[in-house]
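The values are calculated or read from the model by the stated rules, or taken from the named source; none is laboratory data. Nothing here was measured: the structure is a model prediction, and the numbers come from that model. Note that each Cβ is placed from the backbone with ideal geometry, even for glycine, and that neighbours are counted across all protein chains shown.
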Amino acid sequence: GENVEQHPSTLSVQEGDSAVIKCTYSDSASNYFPWYKQELGKRPQLIIDIRSNVGEKKDQRIAVTLNKTAKHFSLHITETQPEDSAVYFCSDNDMRFGAGTRLTVKP
Amino acid sequence: NAGVTQTPKFQVLKTGQSMTLQCAQDMNHEYMSWYRQDPGMGLRLIHYSVGAGITDQGEVPNGYNVSRSTTEDFPLRLLSAAPSQTSVYFCASSGLSGVGPLHFGNGTRLTVT
């Protein structure tokens, strides 16, 4: 069946560095690609999303890029801060989710 | 607006018992869905609904039933609980499937012994 793969599963960076998380998807019909952040014991919350007619979207320190030909999209966080530490999930059409990336930002 | 409200927050069941997880939203969203979250596996879609009277299966529907009699409510029923259903369950809603972000409830932690 269709799926979403997410890498890496864990990522540790120094405060101020950049972090990149990558996802690939298999459903060619997918047209909506959100990213969710989940802090420990909390619910997932949307941080940024992109639709298939756009190649890149940016919101302050967070950006997402989409390559529909290659079926992959990436989350970029610049100038990381300790409060960015959380688990991040990618999704296609909110139907399938990646397994998550645990990001740790060390002060 | 309360957003998406899930009850209960915690539940312990014995194998074979039945129960209903409640989910309600006050945003007039047409799309509602249920996910289970297990360690290392992300979120997996159980069932979803694109409007009152319409439901469909997701990735892992076995052992679960849903109904959508109103726009606001989308309960998830476990007819005969099994230990494999121990998980954290999230209900979510959005304006329309596939074109909008999900708003999640706070989750229900279910343990089946």
Note on segment A:37-46: residues free of Cβ contacts under 8 Å to residues at least 60 places away in the same chain, in contact with a Phe, Trp or Tyr (Cβ under 8 Å, 6 or more places away or on another chain) and facing another protein chain (nearest Cβ under 9 Å) are A:R43, A:P44, A:Q45, A:L46
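Being at the interface with chain A (Cβ under 10 Å from one of its Cβ atoms), within 14 Å of the chain's Cα centre (by Cα) and closer than 27 Å to A:A86 by Cα: is that true of B:V4 here? Explain how you work it out, then say what you get.
Details: at the interface with chain A (Cβ under 10 Å from one of its Cβ atoms): yes; within 14 Å of the chain's Cα centre (by Cα): yes; closer than 27 Å to A:A86 by Cα: yes.
So B:V4 fits the description; yes.
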Practice item. Might you let me know whether segment A:22-32 holds any residue that is hydrophobic (A, V, I, L, M, F, W, C), out of contact with any Gly (no Cβ under 6 Å at 6 or more places or on another chain) and surrounded by 13 or more Cβ atoms within 10 Å (Cβ to Cβ)? Key: no
Notebook entry, point to check: Is one or more of the residues making up segment B:81-95 at positive phi and at pLDDT below 95?
Noted result: no
Do we find that B:G40 is away from chain A (no Cβ under 12 Å), small (G, A, S) and more than 17 Å from B:R77 (Cβ to Cβ) in this structure? no
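Results for (1) closer than 15 Å to A:T10 by Cα; (2) within 14 Å of chain B (Cβ to nearest Cβ); (3) buried (at least 17 other Cβ atoms within 10 Å of the Cβ); (4) of a type in the set (F, W, Y), shown as yes or no for each residue.
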position	(1), (2), (3), (4)
A:Q60	no, no, no, no
A:N67	no, no, no, no
A:I77	yes, no, yes, no
A:Q81	no, no, no, no
A:G98	yes, yes, yes, no
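Can you say whether A:T101 is over 9 Å from the mean Cα position of the chain (by Cα), of a type outside the set (D, E, K, R) and at negative phi, as far as the supplied structure shows?
Taking the combined requirement at face value, the residue does not satisfy it.
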Kindly establish whether B:Y31 is aromatic (F, W, Y), under 21 Å from B:S94 (Cα atoms) and either away from chain A (no Cβ under 14 Å) or in contact (Cβ under 8 Å) with a residue 60 or more places away in the chain (or both). yes
Among strands (runs of 3 or more DSSP E) entirely inside segment A:16-107, those with 1 or more residues being farther than 26 Å from B:V88 by Cβ are A:19-25, A:45-51, A:56-59, A:62-67, A:72-77, A:101-106
